[in-house]
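One structure is given here, and the rest of the page talks about it.
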Amino acid sequence: MPEPLLHLQNIDAGYGHVAVLHDVTMSVAEGKIVAVLGRNGAGKSTLTKAISGLIPLSAGEITLAGERLDGRSPVSIAGAGLQYVVEGHRVFRAQTVRANLDIGLYKQPLDKEARSARRDHALELFPELSTRLNDVAGSLSGGQQQMLAIAQALVREPRMILVDEPSLGLAPVVIERVFSALVALRDLGVTILLVEQIVERTLQIADYGYVLRGGRVAAMGEPAELRTSPALQEAYMGNSAGGAAAGARP
Amino acid sequence: MDLTTQVLRDGLVFGSVLALVACSFNIIHRPTNVLNFAQGDFVMVGAMLAAVTMTVMGLPWLVGLALVLLGCAATALVEERVAVTPVLRRSMTSVSWVITTLAFSIIVENIIAKAWGPNPRTVPVPPGLSQDATDIGGALVSSYDVFVVVVAALILVGLELLDRTPLGSALSAVAEDREIAMLRGINPVRLTQRSFLLSGAIAGLAGVLVAPLVLANTSLAVQFLLPGFAAAAIGGLGSNRGALIGGYTIGLVQAAAAAQFAVAYQSAAVFVVLLGVLLLRPQGIFAPKAVRHV
Ligand SMILES: Nc1ncnc2c1ncn2[C@@H]1O[C@H](COP(=O)(O)OP(=O)(O)OP(=O)(O)O)[C@@H](O)[C@H]1O
Ligand SMILES: [Mg+2]
């Protein structure tokens, strides 16, 4: 098996004294979509925050192409070629779409043409943004904001992106748009760690998947294996740490 | 001499200085959300350093100016290192900076008072200009007055242009969502340092400009803190145009209060106007593009 692009080895992480992730080990192979499933409060966003350097690890290590990421700042991790698209389509709402894309290129040693080529390249995946370049991002629809958030991460041409619940709050047709863009992106060679709650649609596009439950890896495997895995059912239906199953969106 | 036009002259000249102070507030506030209580001290340090370099040491005006800007920028950077970034590193939402910037302000004032004493010192105007006033439309206006107004306006135009550069855009990004800015590779601490350097230099320039009009002395820090903040708040924190309008407004209010009542009523008048504007429009007159959260 080739060396994975991203590897997490026995990581623990949380918020101050609140431990959330326990002994998580995960691998993401280059050029694949790897899904992380789990219901509300399972620790999915905590995982992506830990990988991107927003919160520190209390144990374990993270490597990207063999290079250690843990202990580094988010700015330095972005420099290593990893981009994190956070939950809730957060973009710079007061700035234009074009400015949002340019922010992804801040301090990159590129001339004017190269910059606009990067912009155009990211927009090829989301043509609906091309006509809105001069509008402020706050005036876009939720789906367009999600697309912009992904495009902003892409202009830097990362080796890998983490995408946290891109389906959140979007209509089914828009979710389709975003997911097909992720597939197109994978086919262009970008490695993707996709955090989601919507199980079936995510497993359709993923090459491999992990199930988080109570901050631990409850199951892992190919999509076909996971679909029939009792651990997946339990992670969504079971009475795990986190209360009733009401929050689940199967 | 006509009282109304004289109030207009005083308002515009001091208002221009206040506009610079207001901008210097904005520049630090943007990437940090900090309202720097030592902002007035940069003005005071600027005026005192101008007195030392230009009057005591007799250096040419431009050389003195360069040293003042360096000195004030350095003072601001020290504040960022010891009083702001350590606090923000622990928590972005902490308001401990109220205490730490106030403490920094007190320390700076004590050091300057120890070093150069309480006596007001004269500061020269640039060569070729004078404070001899000519009667223009009933107001006594000097070439130096015009210089102050023009320089302040030019600095504001410069800041407005700076906003349109990638640096300006990165600063807005940090102001709007620090976390996403970091994830996109923007280092907020580095931007904060640059902001302090620029803010210190601009407040120092305000001190150099105002010193020939009022004499350099340690009480300038207090004199400029509240009106400078009021100008920034009235204009809308973060807006350069707002800072200019806010500066002129506060300048005119102070001049009118001094003419109508007495200098002692200036602060009260500033407060009344500040409260009035903020009651009607809490975000100030020219708040930057509203960030609506859905
Ligand atoms: N800033 C925080 N401080 C303390 N605890 C937190 C913080 N953020 C999250 N938690 C806790 O960590 C646990 C995991 O939260 P996390 O956000 O990682 O879940 P998630 O799987 O992303 O859920 P969702 O699907 O709702 O986004 C929860 O119990 C939550 O209460
Ligand atoms: Mg989450």
Condition set outside any strand (DSSP E or B) and under 16 Å from the mean Cα position of the chain (by Cα), scope segment A:11-39, selection surrounded by the most Cβ atoms within 10 Å (Cβ to Cβ): answer is A:Gly38
Given the conditions (1) away from ligand 1 (no atom under 16 Å from the Cβ); (2) in contact (Cβ under 8 Å) with a residue 60 or more places away in the chain, every one holds for A:Gly43 apart from (1)
Note on segment B:90-103: residues touching a residue at least 40 places away in the same chain (Cβ under 8 Å) and within 20 Å of B:Ala175 (Cβ to Cβ) are B:Met92, B:Trp97, B:Val98, B:Thr101
Of the residues in segment A:203-233, those that are within 20 Å of A:Ala50 (Cβ to Cβ), open to solvent by 10 Å² or more (accessible area, probe 1.4 Å) and in a loop (DSSP other than H, G, I, E, B) number 1
The residue that is farthest from ligand 2 (Cβ to nearest atom), considering only those in segment A:46-85 that are surrounded by fewer than 17 Cβ atoms within 10 Å (Cβ to Cβ) and within 8 Å of chain B (Cβ to nearest Cβ), is A:Gly79
Per the list (1) under 22 Å from A:Ile51 (Cα atoms); (2) within 14 Å of another protein chain (Cβ to nearest Cβ), residue check on A:Gly189 breaks on (2)
| task | Check whether at least one residue in segment A:131-140 is within 16 Å of ligand 2 (Cβ to nearest atom) and within 11 Å of chain B (Cβ to nearest Cβ), and report yes or no. | result | no
>> Scan segment A:99-117 and tell me whether some residue there is more than 14 Å from chain B (Cβ to nearest Cβ), over 23 Å from B:Met182 (Cα atoms), out of contact with any strand residue (DSSP E or B) (no Cβ under 7 Å at 6 or more places or on another chain) and open to solvent by 40 Å² or more (accessible area, probe 1.4 Å).
In response: yes
Taking segment A:158-168 and the residues there that are within 14 Å of chain B (Cβ to nearest Cβ) and open to solvent by less than 10 Å² (accessible area, probe 1.4 Å), the one that is nearest to ligand 2 (Cβ to nearest atom) would be A:Asp164
All-but-one check, A:Val155 against (1) free of Cβ contacts under 8 Å to residues at least 60 places away in the same chain; (2) within 16 Å of ligand 1 (Cβ to nearest atom); (3) within 14 Å of chain B (Cβ to nearest Cβ), failing number (2)
Just a yes or no: is a residue in segment A:169-185 more than 22 Å from A:Asp102 (Cα to Cα), within 14 Å of another protein chain (Cβ to nearest Cβ), open to solvent by 10 Å² or more (accessible area, probe 1.4 Å) and not acidic (Asp, Glu)?
yes
Scanning segment B:110-126 for residues that are of a type in the set (A, V, I, L, M), touching a helix residue (DSSP H, G or I) at 6+ places or on another chain (Cβ under 7 Å) and assigned to a helix (DSSP H, G or I) gives B:Ile112
Scanning segment A:124-146 residue by residue, those of a type in the set (A, V, I, L, M) and open to solvent by less than 10 Å² (accessible area, probe 1.4 Å) turn out to be A:Leu129, A:Ala137
In the set A:Gly243, A:Gly247, the lone residue that is over 26 Å from A:Pro158 (Cα atoms), loosely packed, with under 12 Cβ neighbours inside 10 Å, modelled with pLDDT under 90 and within 16 Å of ligand 2 (Cβ to nearest atom) is A:Gly243
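The values are calculated or read from the model by the stated rules, or taken from the named source; none is laboratory data. What you are looking at is a predicted structure, and each value in this text was computed from that prediction instead of being measured. Counting neighbours? That spans all protein chains shown, and the Cβs are built from the backbone with ideal geometry, glycine included. The protein model used for the area step is the full one, side chains on, heavy atoms only, and it has no ligands, DNA or RNA in it. Shrake-Rupley method; radii C 1.70, N 1.55, O 1.52, S 1.80 Å.
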